[in-house]
Amino acid sequence: MRIVVIGGTGHIGSHLVPRLVRAGHEVVSFARGTSQAYVDAPEWDAVERVAVDRERADSDGTFAEMVATRRPDAVVDLICFTPASAQALVDALRDRVGHLVHCGSIWRYGPSLKVPIREEEGTPPEGEYGIAKDAIARLLQRETASGGLATTSVDPGHIVGPGWMPIGPLGSLDPDVWLRLSAGDTLLVPDGGTQLMHHVHADDVAQIFERALERRDGASGEAFSAVAPSALSARGFAQIAAGWFGREASLRSVGWDEFRAATPAEHAGASWEHLHRNHCFSIDKAKRVLGYEPRYEPEAAILESIRRLIDDGGLEVATPLEV
């Protein structure tokens, strides 16, 4: 197929584009600038690259037609964040393109009532981002159900991989968490640390996108959670991570008020957003319909990210990794 990947040099696209080239597809990558992908691969030499500011082109009404005029058989949209943007693309692709695969988010579901959460069984979303992602997914499902464009939504968990900081044991990007764990210092953990987070390696997410493209008939009109085979609790994550540095995690459970008082507001807010959702998702549907076979458990994916950050001097730790 001829496939346009919107956001081709981002976290997912960096893995997806080489996968598609290796599978024999002709790939056009749309990205905001000329930045390199997170993963260097020889397959990029065969990719047509288009530099475009999606937000600006959406605002002047030209972006969707830019994609359609490339005459793709399928489109993968990795950077759509508003229903208006999604609708414009659908309208431009209808009757011209065979399949649109959209990148959603597990945050289209609110705090868990029962885990693992299966597609369409979660609680209503919270916050502007999750509400918008849920609205886009429902818009796409209505489009396909009405006999229009074939669409699929893929909802990743907390994406990790070499080249960027992963969501850490306290549900934030706070680098001090890693410094304290590697030093054996005490870490304050809100509400006992039993809350769950569901990570996923970027290449496993790319695998689901590739398989959805290959199995359009089964994927059409459906949504799939893209996560690792298991989820980590905050407390378990901290204990595993401390062990990478040869340490025993020293954890002290505190209430949210004490945690917020001791933590920079930005990181405390992120911790709340991730931990109070207490997310753990089922991948049964993706395995059954798409043949999804994730390669990474969450801790292996996170370790790969942390190792690269330390090697590149992007993360300060007290002692070297021992794994």
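A few notes on this one:
- Annotation note: of VAL317, VAL289, the sole residue that is surrounded by fewer than 20 Cβ atoms within 10 Å (Cβ to Cβ) and either over 30 Å from GLY218 (Cβ atoms) or touching a Leu at 6+ places or on another chain (Cβ under 8 Å) (or both) is VAL317.
- The stretch 105-138, subset crowded, with 23+ Cβ neighbours inside 10 Å and in a loop (DSSP other than H, G, I, E, B), residue farthest from the chain's Cα centre (by Cα): GLY122
- Listing of helices (runs of 4 or more DSSP H) fully contained in the stretch 8-70 that carry 2 or more residues being closer than 20 Å to ALA202 by Cβ and either in contact (Cβ under 8 Å) with a residue 60 or more places away in the chain or out of contact with any Asp or Glu (no Cβ under 7 Å at 6 or more places or on another chain) (or both): 13-22
- Where LEU275 falls short, out of the listed (1) within 26 Å of VAL101 (Cα to Cα); (2) touching a Leu at 6+ places or on another chain (Cβ under 8 Å): (1)
- Residues of the stretch 139-175 satisfying the condition of being part of a helix (DSSP H, G or I) and within 23 Å of the chain's Cα centre (by Cα): LEU139, LEU140, GLN141, PRO175
- Which listed residue, of ALA223, ALA238, ALA228, is surrounded by fewer than 24 Cβ atoms within 10 Å (Cβ to Cβ), touching an Asp or Glu at 6+ places or on another chain (Cβ under 8 Å), closer than 22 Å to TYR296 by Cβ and modelled with pLDDT of 95 or more: ALA223
The values are calculated or read from the model by the stated rules, or taken from the named source; none is laboratory data. From a predicted model like this one, the values you see are computed outputs, not experimental measurements. Methodologically, a virtual Cβ is constructed for each residue, glycine included, from the backbone with ideal geometry; neighbour enumeration extends over all protein chains shown.
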